[in-house]
Amino acid sequence: MEHLKVNTIGVLTSGGDSPGMNAAVRAVVRTALGENMRVYGIRFGYAGLLENDMVEMNMKSVSDCLQRGGTILYTARSKEFAAPEGVEKAARILRQAEIDGLVVIGGDGSFRGARDLTAAGIPCIGIPGTIDNDIACSDYTIGFDTAVNTVIESVDKLRDTSKSHHRCSVVEVMGRNAGYIAIHAGIACGAIAALVPEVPFDIDRDVCDRIKKTLHLGRSHFIVMVSEGVGNTEEIARYIKAQTGVDTRATILGHVQRGGSPTGRDRIIASRMGYYAVKLLRSGFGGRVVAIREDNIVDYDIDEALSFHKDMDRELYHLVGTISI
Ligand code: F6P
C-alpha cells in the first residue's frame, strides 16, 4: 500500500513488553523529528489509542530511556480493538488528531491490528518486539537477547545450588508457543535437555534416560530447560525425581525475564528498525513489517509477514542434549 504524504505519525508499543522497546521508540521519535515530522506517543497500546491517550513528543521526551527496560509508552492487550468497530474507532481518533501514519512495536497480534488499521486508511509499520523471537518473517525480535541473558544469569545461580546438593533443576522459561528462549538458554547453561512446544518429546527417552546414563558416568547435577507452553513444570520435576531418584526442584522464572536493561544487541537492532520504520512512512509506504534478515534490515507486506512460518532449528535442539552428556 502506498500513500503520498505522511507528516504526522504516532508510535505505540503493544502486547507483552520487551527490553529494547524504548530504544525503538527513541529511534522513531528522533528520526521523525529529524525529518521535520510531528510525532505522538500513544500510551497503553491500542487500548490507549481507543481512549485517545496520546502526547506529542519532542527530542527530550525520549532522553534517558535507551538503557531502560519496559516501555515508556506503557503497553496493553485490547479486546475492543480486536473487533472491526474498534479498528474503525481507532482510525477515526487518529484522523481527528491528524495522525497519518503509525508505528506499532509488538508481536504478531499487534501486527494484525496494524494490518486492519492500514486497511481502514491509516498506513502502519510493524516492528517486531517480543522476547519470544517468534515473528516468522524476522530472524530476530527485539528483547530476545536480553531475555536469554537474564535466564542465563539466573540459571548460573541455580547451577551453584544444584551442584552443592547433587540435584536436578527444572527451569521453566517464557514462550507459550515458542521454544527459542529454552533452546538458546539451554545451550548457554549446559542443560541436559530443553523441552519446547515445537518438538514432540518423550520424557523418559529425552530426559530421564539421559540423566540415568550420565549419573553412571559420574555426573551429579542437572539442568532441564522447559518452555512454559510444554506442560506443568512441577509435575515434570516430580516425574524426573520418581524415575531417576535424583532430588529435583522446579523453578519458574516468570516475568523477571521480560525486564532489565537491554543488551547492546537489542539496543542496536531496535534503533535500526525504528529508523527504518520512519523512513518507510516518510517515503509513503504503509502496511509493512520491518524485519532483520542476515543482518540486513528489510520489510515485508504485513499479510505476507503474517503468513510466514518459522521452523524450530532442529540442529540447535539436538545440540542441547548432545553436548551436555
Ligand atoms: O509474548 C511474550 C510473553 O512473555 C510470552 O512469552 C508469555 O507467554 C506471555 O508473554 C505472558 O503474557 P502476560 O504478560 O500476559 O502474562
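The values are calculated or read from the model by the stated rules, or taken from the named source; none is laboratory data. Please read these numbers as outputs of a predicted model, since none were measured by experiment. So basically every Cβ, Gly included, is an ideal-geometry build from the backbone, and we count neighbours across all protein chains shown. Calculation scope for accessible area: heavy atoms of the full protein, side chains included, ligands and nucleic acids excluded. Shrake-Rupley method; radii C 1.70, N 1.55, O 1.52, S 1.80 Å.
Listed values, structure above:
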| quantity | calculated |
| --- | --- |
| Check on residue 170, within 16 Å of the ligand (Cβ to nearest atom), surrounded by 19 or more Cβ atoms within 10 Å (Cβ to Cβ) and not small (Gly, Ala, Ser) | no |
| Matching option when the condition is over 30 Å from residue 31 (Cα atoms) and open to solvent by 40 Å² or more (accessible area, probe 1.4 Å), among 240, 323, 211 | 323 |
| Options 191, 136: the member that is of a type in the set (A, V, I, L, M, F, W, C) and out of contact with any Leu (no Cβ under 9 Å at 6 or more places or on another chain) | 191 |
| Wholly within the stretch 196-292, helices (runs of 4 or more DSSP H) carrying at least 1 residues that are hydroxyl-bearing (Ser, Thr, Tyr) and under 30 Å from residue 37 (Cα atoms) | 264-282 |
| The one condition in (1) of a type outside the set (Lys, Arg); (2) open to solvent by less than 20 Å² (accessible area, probe 1.4 Å); (3) more than 16 Å from the ligand (Cβ to nearest atom) that residue 183 fails to fulfil | (3) |
| Where a residue in the stretch 34-53 is more than 17 Å from residue 109 (Cα to Cα) and its partner, wherever it lies, is of a type outside the set (A, V, I, L, M, F, W, C) and open to solvent by less than 10 Å² (accessible area, probe 1.4 Å), with Cβ under 8 Å and at least six apart | 39/10; 40/10; 41/10; 42/10; 42/48 |
| Qualifying residue in the stretch 314-321 (condition: acidic (Asp, Glu) and within 23 Å of residue 135 (Cβ to Cβ)) | yes |
| Residue that is nearest to residue 143 (Cα to Cα) [pool: residues in the stretch 214-237 that are of a type in the set (A, V, I, L, M) and open to solvent by 30 Å² or more (accessible area, probe 1.4 Å)] | 230 |
| Residues satisfying the stated conditions in the stretch 121-152, i.e. away from the ligand (no atom under 12 Å from the Cβ), without any contact (Cβ under 8 Å) to a residue 60 or more places away in the chain and either of a type outside the set (Gly, Ala, Ser) or open to solvent by less than 10 Å² (accessible area, probe 1.4 Å) (or both) | 148, 152 |
| Residues located in the stretch 248-267, provided they are more than 14 Å from residue 151 (Cβ to Cβ) and surrounded by fewer than 19 Cβ atoms within 10 Å (Cβ to Cβ) | 249, 261, 264, 265 |
| Condition met for residue 272 (open to solvent by 70 Å² or more (accessible area, probe 1.4 Å), modelled with pLDDT of 95 or more and in contact with a strand residue (DSSP E or B) (Cβ under 7 Å, 6 or more places away or on another chain)) | yes |
| Filter pass, residue 177 being surrounded by fewer than 24 Cβ atoms within 10 Å (Cβ to Cβ) and within 12 Å of the ligand (Cβ to nearest atom) | yes |
| Hey, residue 114 away from the ligand (no atom under 16 Å from the Cβ) and either closer than 18 Å to residue 307 by Cα or among the acidic types (Asp, Glu) (or both) or not | yes |
